[in-house]
1. Given the residues A:L168, A:L109, which is the only one that is open to solvent by less than 10 Å² (accessible area, probe 1.4 Å) and within 14 Å of chain B (Cβ to nearest Cβ)?
2. In this structure, is B:N60 over 30 Å from B:T18 (Cα atoms), away from chain A (no Cβ under 14 Å) and out of contact with any Leu (no Cβ under 8 Å at 6 or more places or on another chain)?
3. Tally time: how many residues in segment B:105-158 are touching an Asp or Glu at 6+ places or on another chain (Cβ under 6 Å) and facing chain A (nearest Cβ under 10 Å)?
4. Looking at segment A:208-226 only, could you name the residues that are closer than 18 Å to A:D34 by Cβ and surrounded by fewer than 19 Cβ atoms within 10 Å (Cβ to Cβ)?
5. Go through segment B:58-113 and give me each residue that's hydroxyl-bearing (S, T, Y), open to solvent by less than 60 Å² (accessible area, probe 1.4 Å) and modelled with pLDDT under 95.
6. Looking only at segment A:38-60, which residues are open to solvent by 30 Å² or more (accessible area, probe 1.4 Å) and not small (G, A, S)?
7. Restricting the first residue to segment B:163-175 and requiring it to be on the phi > 0 side of the Ramachandran plot, which pairs with a second residue that is surrounded by fewer than 21 Cβ atoms within 10 Å (Cβ to Cβ) meet a Cβ separation below 7 Å and a spacing of at least six or different chains?
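The values are calculated or read from the model by the stated rules, or taken from the named source; none is laboratory data. Just so you know, these numbers come straight off a predicted model, no measurement behind them. Because the Cβ atoms are built from the backbone with ideal geometry, glycine has one as well, and the counts that use them run over all protein chains shown. When the accessible area is computed, the model is the full protein with side chains, heavy atoms only, and any ligands, DNA or RNA have been set aside. Shrake-Rupley method; radii C 1.70, N 1.55, O 1.52, S 1.80 Å.
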Amino acid sequence: MTSRPNGEPLVRLSGVNKWFGDLHVLQDIDLSIDRGEVVVVIGPSGSGKSTLCRTINRLEGVDKGEITIDGERLPEEGKALARLRADVGMVFQSFNLFAHKTILENVTLGPVKVRRKARADAERRARELLDRVGISAQADKYPAQLSGGQQQRVAIARALAMDPKVMLFDEPTSALDPEMINEVLEVMTSLARDGMTMVVVTHEMGFARRAANRVVFMDGGRVVETATPEDFFTRPESERAKDFLSKILNH
Amino acid sequence: MQFLIDNFPLLRSAFLTTLSLAVASGLFALVLGTILAGMRVSPAPTLRGLATFYVEVFRNTPLTVVFFFLFFGIVEIDLQFPSRFIAAVAALGLYTAAFVAEALRSGINAVPTGQAEAARAIGLDFGQSLRTVVLPQAFRTVVPPLGNVWIALAKNTSIAAGFAVTDLTAALQRLANVNADQILMVFFAIVLGYLVITLPSAWAFRAIETRVAIVR
């Protein structure tokens with residue numbers, strides 16, 4: 001999977017700024033993510049963490065600054081951008097499985113249309129991935145026939161089918177019923193353990209403690225603090241992080 | 001009854017003309033309308049502008065005027081269609097494409113944005129995500145409005161009668177002139193001809209609608 005020397009970060013954001021109208025949602029973001037690293041982004045809602053996640057595969061463009069993936073600058077639009085997106089897996093809060101396609105077709109679509117894999121090969125690999133996330137029995141059903149937790153695990157399999165260099169998770173458990181959160185987090189934890197490079201926007205502090213190499217705390221469009229999970233949860237430096245943690249950890 | 005039997009050859013050929021006008025211009029409008037709808041949602045401003053211009057021009061021009069233009073207007077610039085039938089198909093198709101495009105665009109807008117985002121996120125380009133993810137879902141939600149467009153088109157073919165195409169309405173005029181005593185019978189025969197096209201289409205569209213419905 002690696003094509004460059006290990007010194008180079010896999011994802012690098014430098015001086016990234018973005019405005020929604022007058023709202024300065026991302027302010028001078030500098031962030032490097034190494035190969036195999038799991039970075040958890042946390043922060044209050046409206047802090048810009050989802051937007052940050054979405055700029056990495058350019059679902060949101062940036063107004064200033066630069067983002068590189070594997071040393072390559074994010075292209076503006078068109079075929080080059082599509083090719084780069086194929087290497088960046090994305091898991092959405094609302095799953096976004098293709099509603100008119102079966103579970104198996106959801107997972108094979110990218111490999112067949114983008115990677116030009118033979119259908120039989122793509123299906124074999126898709127079944128392996130569905131088995132890995134525990135959904136193999138549902139391969140011929142449609143997304144709406146599955147529970148939220150199952151749909152989200154399919155969405156992870158769909159992203160993995162592209163053999164991505166990095167996986168982005170944009171609040172992957174926020175739309176789930178509480179009893180389904182763990183089944184998704186378990187899949188993510190095992191991915192992290194297998195060495196996948198991951199950027200995870202989440203409110204799941206347990207996952208951050210268990211799986212993250214680094215916690216990035218955002219507030220008001222800025223990266224306020226970056227620390228190991230151990231340091232961040234036991235001795236946060238900034239006042240805003242202390243305030244945030246006291247609000248979410250005390251119940 | 002004798003009247004129907006006596007005029008059967010004319011009625012049959014008029015019916016077939018109306019049917020083929022509707023089918024040919026319907027297919028043309030479906031293809032052109034789909035391309036226009038794709039252009040209207042594309043990221044390229046030029047394509048969006050062109051498609052919007054087209055839709056506004058043809059949606060707001062009376063069909064008879066479109067016919068006039070294609071039959072007589074283009075002669076001014078030394079153009080002519082090989083046959084009146086083809087000119088009629090062009091007029092009906094160009095006009096109806098604007099309505100197909102608008103119906104489809106509303107269907108595209110009804111597809112949740114997350115679907116297109118997920119398609120782009122796995123590396124599909126704009127055209128691929130439109131073709132494989134967005135349009136298939138859009139078509140399903142626009143079956144009822146497309147059914148309306150088709151039925152309107154089937155009836156709009158009657159304008160061709162005014163331009164010397166012998167369709168059902170032209171047959172009505174001709175038969176009514178020579179059979180003034182049987183005028184109700186003439187009307188009955190012609191209306192029956194249109195109903196034979198439109199009623200089964202309505203049933204077919206309803207059947208398609210239930211078959212392709214997607215659960216969300």
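1. A:L168
2. Numbers: over 30 Å from B:T18 (Cα atoms): no; away from chain A (no Cβ under 14 Å): yes; out of contact with any Leu (no Cβ under 8 Å at 6 or more places or on another chain): yes.
Judged against the criteria, B:N60 is not a match.
3. Of the residues in that region, 0 qualify.
4. Scanning segment A:208-226 gives A:N213, A:T226.
5. Once the filter is applied, which keeps residues that are hydroxyl-bearing (S, T, Y), open to solvent by less than 60 Å² (accessible area, probe 1.4 Å) and modelled with pLDDT under 95, segment B:58-113 yields only B:S83.
6. A:P44, A:R54, A:R58, A:E60 - these are the residues of segment A:38-60 that are open to solvent by 30 Å² or more (accessible area, probe 1.4 Å) and not small (G, A, S).
7. These pairs meet every condition: B:A164/B:R84.
Here's the yes/no breakdown for (1) farther than 23 Å from B:P62 by Cα; (2) without any contact (Cβ under 8 Å) to a residue 40 or more places away in the chain:
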position: B:G123; (1), (2): yes, yes
position: B:L130; (1), (2): yes, no
position: B:L135; (1), (2): yes, no
position: B:R140; (1), (2): yes, no
position: B:V143; (1), (2): yes, no
position: B:N156; (1), (2): no, no
position: B:N179; (1), (2): yes, no
position: B:I183; (1), (2): yes, yes
position: B:V191; (1), (2): yes, yes
